[in-house]
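See below for the structure under consideration.
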Amino acid sequence: MRLCNVCVGMLRGGKGDIWTGTHDLTFEHHKSTASLRRSRKADCMICVVLAGLYRRAGADILDDRPMSIQATIHRLEAHHHNLLDERTPAEETTNHAAAVSTQVQGTDSARRLEELRRKFTAVFEENISIEVLPQNELREITNELLKLTKKKSNFKGFRLDFDIEKRYTRTFLLKPINYDTSALRTPKSTNTSSDEVFERACDWIAKCDRKCDCSRKASTAWYPKRLLDLEKLSKAHGLKFPGGLKVLSERADLRKTKVHLIDGTEASGRYVTLSHCWGKPKSVQGQLRLTGKTERKFRVEGIELRELPKSFRDAMLFASRLEHVRYIWIDSLCILQPAVFSTDDFEDKSEQDWREQSRVMGEVYSHSYLNISATAAKDGDQGLFVPRRPEYLWENEINVNYTGTNSFGSEGVTMGRDELTRCNIIDLSFWSELVDQAPVNQRGWVLQERLLAPRVLHFCHNQIAWECGGFQDVEGYPDKHTTLKVRYGDIIDEGRLKDLDERHGLRLRDFRLKGSPDPDKHMPKLGAYELWKCMVEVYSRTRLTVSRDKLIALSGIAQKFFEITRCEYVAGMWREHLESQLLWQVNELYRDGVFENPAHRDALRSPSFSWAAIDTPHGITYGEVTDYGRDRQEQLLFEVTGTQIEIDDRNNPFGLIRSGQLRIKPRYLRQIILRRLEPPWRVPYGWRLRDEAYPGQAAPAEEPSAEKEQSAIRKVQSIEHYNLNLDAPESDVDVFARDADLYCMPAAFGDRTVKKHWRDLICLLLIKDKATASEDIRSTGQFRRIGITRLSSAVHWKSHRILTEQPFDGDIILN
C-alpha cells in the first residue's frame, strides 16, 4: 500500500495547515466523502483505515457530502513516549554541514568526516537536500554521521492524530527508521494456505523454542479425554518431507482422508487445539459433532475431511504438517454435545461429560503444543485459509517535515531548512482490530483458551499473527510495535495480553494511574489483582452462546489466579479486599447526545452483587482493589461480614454457582426515589432522598441551635442526583415501580489518588425484596444491587453530610 497525495502533501509539504492556537501542527485532511473515497480506492494506507472507521460508525461513505477530518502532528520526546526504547540512528538527522561539523570537530573521527564531506560535497557545501542521494548512500551518511557524533536525543518520533467529524479518532505513530535494526519483510503469497505462510509460522515456533519457556508447558504426560488422530492425514498421498518440511502437493485430493476419534489414554505425541466461532444457530445445525449416535462412527469408521466445516479442515491440514504433531482437539468433536432429539438418559450423559470436561478445560489448552485460532472466521464455513493482497502487508514510509511550511503552494516562498525524518507509519489500533476485536476473540470461552495455551497462532483476515509468553509478532508489520496502544490519552507499551507476571500488572497499574503516587503500593499481590481487573474488564465485553457459562468460561484463568491469591473465590471476585471489588460499574456509551446502556441481567447464573450477572457489549469497570490503608475506618463505610456461595459442581469451585449471598454491615443506609428522565434531559435517570429524614424510624429531636441546618437538610433532600450507572435498566424494570423500595448505601470515598477532601462519595443503589420490604429497616433484610452512584465532594458536600449523618444499626443480606 502507499499514501495518497493528500497524506503526502500534508506530512511532507505541510499542505492544508491551519492555525488552532497551539504549537502542534494541525491540518485539514479530507473535506468530502468523495475525496476520502478516491484515496481509499487508491489504497492509501491511512485513508483505508479512516474510511473503515467512518463506515463502522454507521456513516455511508458512498453518500457524497462535505465532511471534516483534521489531523494533528505532535513531536514525541522520551518523557512522552518512554517505552519506545529502541535507539534509532536516524533520530534528528541534520542536512547541513555546519551543524554536523560543529558536533564532531576535534574528535578522532575527523578524517572519516572529511571523506564523507568529499563524497557528499553537494550535501555539505551546497545545501542540497539529503533526499537527492541514492538510498544506499542515504543510509551510509545517516548512520555514519550519528556514529561519529554519538548524539544523545530524547526525540522518539511523531504522533499523528485524526479527528473525524468531531466524533471519531484514530492515532498513528510516525517512528524514525533505524536501517541497522529494522527487520523488513515482503510477503508475496496470495493465500494464507501458502508454504510461505507455513514457513513463517514454523519460524515463530522455532524462535519460541529457542528463547521462551513456552514449549516446556506443552506436555506429553497429560492428554484430554478424547483426541482426533491425524496420522492418516499426515501420511496421505501428496505429502513429502524434503529436509523435514512437509509440503502439500497440489495434486493431492485429501477430501476423503479420514481422522479418527481416540481416547487420550491411547495418545503418544503432541496435540494442538483449535479456537473457533460456532456461528449463528442456523449455520451450526447441520454441522457434524460428537453425540451418543456419532461417537462409535467417529471411533471405528472415522470422519472424512469433506464432512467437516472449512475451519476444522484447514486446521487439520495445517496441524498435520507440523513436526511431531499427531492429534488435534476440537471442542464440538471431543466433548459430547446435546442432540436435537435425544432421550433424557443421553441428555444426562452429555451434561455429565460437559461438566467433567469443563473442569479441565484450562488443562486442555495449557498442555497443548499450539493453539490454532480461526481468528477472523465468524463461523466454521469461513475457514483459516483465505485469499489476500500481499502488498497490503508491506511497510509504509514517509519523509515527515515537522518544520511546518505554512505557505505551501504560495508564491514568494523562500528556501528554508526543512527537518525531514524518514518514518514508518504505524497504526496503533492495528493489533486491536486484527486480533483483539476479531470475531473469535469476541467469544467468552476464547479468552481463556488464548491466555492459557502456551502459544497461539492467529489466522487473521489477511495474514497470520503470533502470541506466546515471550513475544508476539505479525507477518506484515514493523517489528516490536504490536504492543503499543493509545491509553489514557498517551501512547504506551501495554505489553502482551498473555503476560500474566505480577510485574506486568504493576506496570499496567502505573500506566492507569498516569504517574500519580500509588496509595496501595504497600499491598502484597497488588500486581496480580491489577491483572485480574484487566482480565475481567476484557472478558466482560465478550459474548457467550450459552448464558450460564459466564463464570465457568473463566474458571481456568480463575484457577491460575487462585494459585497466587490463595483466598476464597466469590462469584468472580476474591474474598480478600472484597468490599472494594463490589464497587464495579457497567460502562455506558455516550453517542449522539444519548447514553446507551443495553446491559442485560441473568439473575439465574450469578447473584446481583457480582459483575458476572451482567451481559453488556460495553463491558464493566472492575472495582479498584484496595485495602484502604491506614484510612480504612474513615474511607470505607461498610464491611462484608460473611459470604455464602452455593457451588453447582463441588469439584469445580470456580465454575457454575446456584446462589450467593453476602452479609453486609453498612454504616449508613438511606431510602431514595428513582425516576426515568425524558428529553430535553441529557441524562437518563435521577435519584433523590425520600422526604422522610429517617424512614421507618422516629426522627431525632431537633436542637434549637440546628434550625438553619435542618432547613438546609430539607433542601438537600429535594436535590436530584444524576451521576449514576444502573446495572441493567432494561432487565431491572421493577426498580421504576411506584412501590419499589429503593436505598442508597454509602460505600467508600474515591478515587484514592485524589486528595481526601476532593474524593467522591461512592454509593451502591439497592432494592429491597418485597418479601422483607415491610420489615423495620434495622432488621436483616434481603436486598439486590441495581447500580452505583457517585456524589462529588465539591458539588454535593451537603448530600455527603446528610447521607452519613444518621448511623444505620444492623446487617443486610445482599443477594
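The values are calculated or read from the model by the stated rules, or taken from the named source; none is laboratory data. Here the structure is a predicted model, which is why all the values come from computation and not from measurement. Note: ideal-geometry Cβ built from the backbone for every residue, glycine included; neighbour counts use all protein chains shown.
Conditions (1) within 27 Å of the chain's Cα centre (by Cα); (2) closer than 30 Å to Lys31 by Cα; (3) at pLDDT 90 or above; (4) of a type in the set (Gly, Ala, Ser), marked per residue:
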residue	(1), (2), (3), (4)
Glu140	no, no, no, no
Leu146	no, no, no, no
Phe172	yes, yes, yes, no
Thr192	yes, no, yes, no
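Give me the strands (runs of 3 or more DSSP E) completely within the stretch 407-526, filtered to those with at least 3 residues that are modelled with pLDDT of 95 or more and buried (at least 20 other Cβ atoms within 10 Å of the Cβ), ordered by residue number.
Details: elements: 420-427, 455-459, 464-468, 472-474, 484-487, 490-493.
Output list reads 455-459, 464-468.
Condition first: modelled with pLDDT under 55, over 18 Å from Arg326 (Cβ atoms) and not small (Gly, Ala, Ser). Now tell me which residues in the stretch 241-263 satisfy that.
Pro242, Val247, Glu250, Arg251
Within the stretch 16-27, identify whether any single residue is surrounded by fewer than 19 Cβ atoms within 10 Å (Cβ to Cβ) and either among the hydrophobic types (A, V, I, L, M, F, W, C) or in contact with a Lys or Arg (Cβ under 7 Å, 6 or more places away or on another chain) (or both), and answer yes or no.
Scanning the stretch 16-27, I find at least one residue that is surrounded by fewer than 19 Cβ atoms within 10 Å (Cβ to Cβ) and either among the hydrophobic types (A, V, I, L, M, F, W, C) or in contact with a Lys or Arg (Cβ under 7 Å, 6 or more places away or on another chain) (or both), so the answer is yes.
Out of the residues in the stretch 527-550 that are closer than 10 Å to Gly444 by Cβ and under 12 Å from the mean Cα position of the chain (by Cα), state the one that is surrounded by the most Cβ atoms within 10 Å (Cβ to Cβ).
Within the stretch 527-550, the match that is surrounded by the most Cβ atoms within 10 Å (Cβ to Cβ) is Ser540.
Are there helices (runs of 4 or more DSSP H) fully within the stretch 1-83 with at least 3 residues that are more than 22 Å from Leu434 (Cβ to Cβ)? List them.
By residue number, 5-13, 33-41.
Can you name the residue in the stretch 744-758 that is touching a residue at least 60 places away in the same chain (Cβ under 8 Å) and among the basic types (Lys, Arg) and, of all such residues, is surrounded by the most Cβ atoms within 10 Å (Cβ to Cβ)?
Arg752
Whether any residue in the stretch 546-554 is more than 18 Å from Ala613 (Cβ to Cβ), of a type outside the set (Gly, Ala, Ser) and out of contact with any strand residue (DSSP E or B) (no Cβ under 7 Å at 6 or more places or on another chain) is what I want to check.
No - not one qualifying residue is present in the stretch 546-554.
Please work out which one of (1) modelled with pLDDT of 55 or more; (2) loosely packed, with under 15 Cβ neighbours inside 10 Å is the condition Glu702 fails and give its number.
(1)
Name the single residue, out of those in the stretch 33-74 being exposed (fewer than 13 other Cβ atoms within 10 Å of the Cβ) and small (Gly, Ala, Ser), that is farthest from Arg2 (Cα to Cα). Lay out the reasoning, then the answer.
Keep residues of the stretch 33-74 that are exposed (fewer than 13 other Cβ atoms within 10 Å of the Cβ), which gives 41, 56-58, 60, 62-66.
Filter once more, so that each one left must be small (Gly, Ala, Ser): 57-58.
Values: Ala57: 25, Gly58: 26 Å.
Selected residue: Gly58.
So which residues in the stretch 538-572 are part of a helix (DSSP H, G or I), out of contact with any helix residue (DSSP H, G or I) (no Cβ under 9 Å at 6 or more places or on another chain) and not polar (S, T, N, Q), if there are any at all?
Arg548, Phe562, Glu563 - these are the residues of the stretch 538-572 that are part of a helix (DSSP H, G or I), out of contact with any helix residue (DSSP H, G or I) (no Cβ under 9 Å at 6 or more places or on another chain) and not polar (S, T, N, Q).
Of the residues that make up the stretch 574-591, is at least one free of Cβ contacts under 8 Å to residues at least 24 places away in the same chain, of a type outside the set (Asp, Glu) and either over 19 Å from Lys533 (Cβ atoms) or out of contact with any Leu (no Cβ under 9 Å at 6 or more places or on another chain) (or both)?
yes
Would you confirm, using the coordinates I've provided, whether Tyr622 is in contact (Cβ under 8 Å) with a residue 24 or more places away in the chain and within 15 Å of Thr542 (Cβ to Cβ)?
Numbers: in contact (Cβ under 8 Å) with a residue 24 or more places away in the chain: yes; within 15 Å of Thr542 (Cβ to Cβ): yes.
Yes: the conditions hold for Tyr622.
List pairs: first residue in the stretch 785-798 and surrounded by fewer than 18 Cβ atoms within 10 Å (Cβ to Cβ), second residue at pLDDT 85 or above and assigned to a strand (DSSP E or B) anywhere in the structure, Cβ distance under 6 angstrom, at least six positions apart or on different chains.
Ser792/Asp760
Kindly check whether there is at least one residue in the stretch 363-378 that is at pLDDT below 90 and surrounded by 18 or more Cβ atoms within 10 Å (Cβ to Cβ).
Going residue by residue through the stretch 363-378, those that are at pLDDT below 90 are none.
No, the stretch 363-378 contains no residue that is at pLDDT below 90 and surrounded by 18 or more Cβ atoms within 10 Å (Cβ to Cβ).
May I ask you to verify whether Thr643 is touching an Asp or Glu at 6+ places or on another chain (Cβ under 8 Å) and over 21 Å from Arg790 (Cβ atoms)?
When the stated conditions are applied, Thr643 passes them.
Within the stretch 725-815, which strands (runs of 3 or more DSSP E) (wholly inside it) include 3 or more residues that are out of contact with any Gly (no Cβ under 6 Å at 6 or more places or on another chain) and over 17 Å from Tyr685 (Cα atoms)?
Details: elements: 742-750, 760-768, 782-791, 812-814.
Strands (runs of 3 or more DSSP E) meeting the threshold: 742-750, 782-791.
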